[in-house]
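Report on the structure given below.
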C-alpha cells in the first residue's frame, strides 16, 4: 500500500492561515491504514486548526470529512454539493488523491496534508517499510521474491556491491543488505542458480524515467 | 579567452559546433576543427546532442583545447548528478577550457539509448547556480575548493520561428542572466530579418544572443524540420536546394548567406551547426565572406 506521514502542523498552518472556511478531507484508503490521513486524522487536524484560529482571535470554519477513496471520481463526486462553501481544502490523501481532487474541482485551492513516501508494508503499527518502486517490469521471479530495486540502497541488479557488513547495508546499519536477503532466500529455496545468471542493463522506460505512465486495459474498458 | 574578449569588445564572433565522434577515432574531428583554425573563435562541443551516445563533451573539448583551439564546453543536466557535473567542471577548467554552456539536454527517449535512466539531479538554473557557487570558491555542499574556476558562461535561448521570444522564455533568460549567463545560443534561425526586431529588445540586456545557423543537408531535411519542429525554413530555400544542380553546394551557400546576413544586421555572432558535416565549415565561411 501507499505509505504517507502527516505533514508538520506549521507547514499546514502556513498554507491555510489566510482562509476562513476550510474542509479537511481524509481518505479511507491507504492513508487510513498507515494512520496518516483517515477520518481520525482529519478530525485531529481540524480540531488543531480550530484551536489555532481561536487562539489567534479568528472566526474560521474548519470542517472534516473522509471519502472512501480520493483516487476515484465516484467518491470525489460526493463533495460536489458542499465543496463550494469552502475557500480551500486540505486533502489528507496520498499524492494521487490530492491531485485527483484538485483536478476534479479545478477552481478550488487544494493543499496537501500528508507527505506521500513509498509503496510499503506494515511491519508493525507505526513501522512501515518500502518494498516496491513500481518500476513497471517485475523481476521478483528472478530474485527470490525480494526486490533489489526497492531493497538495495544502490538499486544494484547483479548482486551485492561489496560494502555490506554483517548483513547490513553500508548506507545505513538499520537497513538489511537487500542482496544478502535475496541470496539467503534463494539458497533456502534451492534456487541459487538464479543468482548466477547475470542481468542485462535494465530497461527503465517502464519506470518513471520514461515519463508519466498510463495503463490502458482494453479488456476492462467498456 | 578570445570569445569573451571579442563579445565584450562587441566584435562579431563565429562559433562552430564540433560533434565528438561516436567512437574513439578523433582524426576527422580534429582535422575538421583544424581546417577552420583562426576563422572560428571558439568550438562548441555538444554534450551528446539529441541524446545520442557519443564521446563526452569534456573529452571532445580537451582534444581541441589541448591543441590550442578555444572551446565552449556544453554541460547538460540529463546525464550526470551534481557530484559528476561539479567534478567535470573542475577538470575542464584545470585543463584549460575557458567557456561553458549550460544546457538542459534532449529527452533520452529522443536518442539512441531509450532504456536509459535520465539523471536531471539539477535543472538548468540550478546548474548555472552550481557554476557560480564553484566560481565563488566553494562546492554545492559549501566546502572550500582548492582553487576556484572562472568560466565565461553561456546558455540556450529558444526563439520562435518569427524571431519572437515567449514571455516565459524572456523571464527564463533574465533568470539565467542573473544566474551568471553572459551569452546565449539560440536554436537554428532561418529568417534574419525577423531576428532583427528581437535584437533591439535584447540589446537592453547585458548578454549576447548568438543565433545558430544550421547547415541544411537536403530538401528532405528542410521539409522534415518544417513539418515536425518549431522552426520555419522559407520556401525559397527549399526551392533553391530542389532546383540546384549541386544541392550540397547550394546548402552550403544558404548557410553562408545566413551567416553574412546575421552579421550585417548587427548580431554579436553566429553559431554554425553542421551536425556531422563539419568538413563543410571552410566552404560555409568562404560563402559567408568571413
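Calculated translational diffusion coefficient of chain B (4 °C, 1.567 mPa s; Stokes-Einstein with Kirkwood radius over alpha-carbon pairs) equals 67 µm²/s. From most to least packed by mean Cβ count within 10 Å, the peptides B:178-189, A:124-135 give B:178-189, A:124-135. For segment A:21-91, the mean projected area of the C-alpha convex hull, equal to one quarter of the hull surface, is 4.5 nm². Rg then Dmax, both in Å and based on the Cα atoms of segment A:137-210: 12.4, 37.
The residue A:203 and residue A:54 beta-carbon pair, evaluated with R₀ = 60 Å, returns a calculated FRET efficiency of approximately 0.60.
Helix A:178-188 axis versus longest C-alpha principal axis of chain A: approximately 50°, rounded to the nearest ten.
The alpha carbon radius of gyration of segment B:77-136, expressed as a multiple of 2.2 N^0.38 Å, is 1.19. Grouping the Cα pair distances of segment A:83-205 into 5 Å bins from zero gives a pair-distance distribution of 2, 10, 15, 16, 14, 11, 8, 8, 6, 5, 3, 1, 0 percent in increasing distance order.
Which residues in segment A:130-153 place their backbone N less than 18 Å from a point set 7 Å from the Cα of residue B:121 along the Cα-to-Cβ direction? Taking a point 7 Å out along Cα→Cβ of residue B:121, the residues of segment A:130-153 whose backbone N falls under 18 Å are A:153.
Computed extension length for residue B:146-residue B:66: 26.5 nm, one decimal, from 0.36 nm per residue of separation with the Cα-Cα distance subtracted.
Computed over the protein assembly as shown, the alpha-carbon pair-distance distribution with 20 angstrom bins reads 18, 39, 34, 9, 0, each value a whole percent. Between residue A:87 and residue A:217, what FRET efficiency comes out of the Förster formula 1/(1 + (r/R0)^6) with R0 = 22 Å and r the beta carbon distance, rounded to 0.05? The computed FRET efficiency comes out at 0.05. Its Cα gyration tensor gives segment B:1-131 an equivalent ellipsoid, and the semi-axes of that ellipsoid, as √(5λ) in whole Å with the largest first, are 24, 18, 13. Full extension of the chain between residue B:191 and residue B:226 gives 11.3 nm of extra length, using 0.36 nm per residue less the Cα-Cα distance. Residues B:39, B:6, ranked from the fewest to the most other C-beta atoms within 10 Å, line up as B:39, B:6. Placing dummy labels 7 Å off each Cα toward the beta-carbon, the span from residue A:141 to residue A:10 is 5.1 nm.
A Förster radius of 51 Å combined with the Cβ-Cβ distance from residue B:248 to residue B:206 puts the calculated FRET efficiency at roughly 0.80. Roughly what % antiparallel, to the nearest 5, for the DSSP beta bridges in segment A:2-118? So the antiparallel bridges in segment A:2-118 amount to around 20 percent. So for chain A, Kirkwood radius off the Cα pairs, Stokes-Einstein at 4 °C and 1.567 mPa s: how many µm² s⁻¹? So the translational diffusion coefficient is about 65 µm²/s. Arranged from fewest to most other beta-carbon atoms within 10 Å of their beta carbon, A:94, A:71, A:161 become A:161, A:71, A:94. Extension gain for the segment residue A:153 to residue A:122, taken as residue separation times 0.36 nm less the Cα-Cα distance, is 9.2 nm to one decimal. Placing one equal scatterer on every Cα of segment B:197-290 and applying the Debye formula, the log10 ratio I(q)/I(0) at q = 0.17, 0.18, 0.19 Å⁻¹ is -0.78, -0.86, -0.94.
Readers should treat all values here as calculations from the given coordinates under stated rules, not as data from a laboratory. What you see is a predicted model, and the numbers here were worked out from it, not measured in a lab. A quick note on method: Cβ atoms are made from the backbone with ideal geometry, for glycine too, and the neighbour counts reach across all protein chains shown.
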